[in-house]
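Have a look at the structure below before the remarks.
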Amino acid sequence: MTDADIATVSGAARRHGKRPPRVLRMSVELPLWRALTGYRILTLGYVLCLFALSYQQYAHPLGAAAYMAALTVWMGFTWRCTTSAERCTRHFLLGDLGFAVGGILLTPLVDTHARIMDGGPTLPSIWTAGAVLGFAIKRGWRWAAVASALVAVTNLGERQDLARDTIHNVVLVWVASVAIGYVVEVARASERTLARALQIEAATRERERLARDIHDSVLQVLAMVQRRGAAIGGEAAELGRMAGEQEVALRTLVSGGLMPQRTAQPPVQSAAAPAAAAAPTPDDGPCDVRALLAPYAGAGVTFSEPGAPVELPGAAAAELAAAVGAALDNVRVHAGAGAQAWILVEDEPQAVIVTVRDDGPGIPEGRLADAEREGRLGVALSIRGRLRDLGGRAEWISVPGQGTEVELTVPKGAQPKGRGKA
């Protein structure tokens, strides 16, 4: 599904007065930015304490104090820059790295040579790692490698010796920054993939809903016109042939493409569903499923129900009743007008189960899958799709020559997806 397809489905949902399903937005980077902010603040406190304890040991303590004051002021003005990716600009990163590198280069000028050769810390000490990690989180592992390499060269130049502890610290900062930068890039790619998948899922669900509406109205009318036209003959037969062609084209569009726009019109009642079975709105509250299914009973349909109300949320009850109507339509079309059907309602503790059984010829093995591939979506959308949106399931049991049984299960408290609170 392309971006244009997703936009088309969202536009269709808005035109029908529905808000497109919201896609979850997340940020895997936010904890990293918070951790970096905390690291910079804590390491600044550590550096200031370290400076205070060794103040008298510096060759030029006032120069070191001036750098510490400048670093503290810089932190005071820029600490919020590492709280989010938007605030962490390129100029801030360069300035932060400049303070780190500048402090390392300033160390030989304010400290004694003996302290430096004994492994004494640089002026910014471990605060330097925060500047490198900022590049890793913001720009990825390549920029982190460049920043850590610059810090490494500066550290080696300040020590003027390939001492083991200096090399150890340099390699540790380089590996940590590159690894974190790589993990951030992978997390971003995963986040984009997940967001894309959620968009496709939401658009697909909306597409199925639109296709289901079309199947329950337009396709049934076209099929009826085709049959009546063929039976009447003459000019009506030509009209029926054209209706049949349009039915095939519309089925292909519904099963393989998207509906760019659908003309608003009142839904057509199924032949098996009398007008009395009016669907409640989601605001109707709990609804007795028996009241919606009872009008289906007739000369060819036997309805069996419990003695007590069988309640579901209004929207879920309406969807279940529509699925039962689609199942009865299949009985009428495929089993013939003389077929007998039975509807059984069962009220279980956790779910409502409705069974639709007929005495028709049954469904050959693999026929449902073939029908879905051919674009005949009565089972795929009007029945199975509805139940899936309710968190339920639809199961078929059919033996050739012995009829078909459809078991529709809806969990209590179910609501159709996309009908929650906006």
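Scanning the stretch 60-79 for residues that are open to solvent by 50 Å² or more (accessible area, probe 1.4 Å), in a helix (DSSP H, G or I), in contact (Cβ under 8 Å) with a residue 12 or more places away in the chain and not aromatic (Phe, Trp, Tyr) yields one hit, Thr72.
Counting only residues that are more than 18 Å from Ala131 (Cα to Cα), at pLDDT below 80 and open to solvent by 40 Å² or more (accessible area, probe 1.4 Å), the stretch 158-190 holds 7 of them. Looking only at the stretch 105-119, residues that are surrounded by fewer than 23 Cβ atoms within 10 Å (Cβ to Cβ) and either under 13 Å from Val178 (Cα atoms) or in contact (Cβ under 8 Å) with a residue 24 or more places away in the chain (or both) come to 10 in all. Among the residues making up the stretch 289-343, those that are surrounded by fewer than 18 Cβ atoms within 10 Å (Cβ to Cβ), of a type in the set (A, V, I, L, M, F, W, C) and within 20 Å of Pro411 (Cα to Cα) are Ala291, Ala308. When Ala339, Ala308 are screened for being touching a Lys or Arg at 6+ places or on another chain (Cβ under 8 Å), part of a loop (DSSP other than H, G, I, E, B) and over 22 Å from Arg388 (Cβ atoms), only Ala339 passes.
Residues in the stretch 123-144 that are open to solvent by 20 Å² or more (accessible area, probe 1.4 Å) and farther than 24 Å from Cys49 by Cα: Lys138, Arg139, Trp141, Arg142, Trp143. Of all the numbered requirements in (1) aliphatic (A, V, I, L, M); (2) in a loop (DSSP other than H, G, I, E, B); (3) at pLDDT 85 or above, Val406 misses one, and that requirement is (2).
The values are calculated or read from the model by the stated rules, or taken from the named source; none is laboratory data. Not measured: the values here are computed from a predicted model. As a convention, Cβ positions derive from the backbone with ideal geometry for all residues, glycine included, and neighbour counts pool all protein chains shown. Protein only, heavy atoms only, side chains kept; ligands, DNA and RNA dropped before computing areas. Shrake-Rupley method; radii C 1.70, N 1.55, O 1.52, S 1.80 Å.
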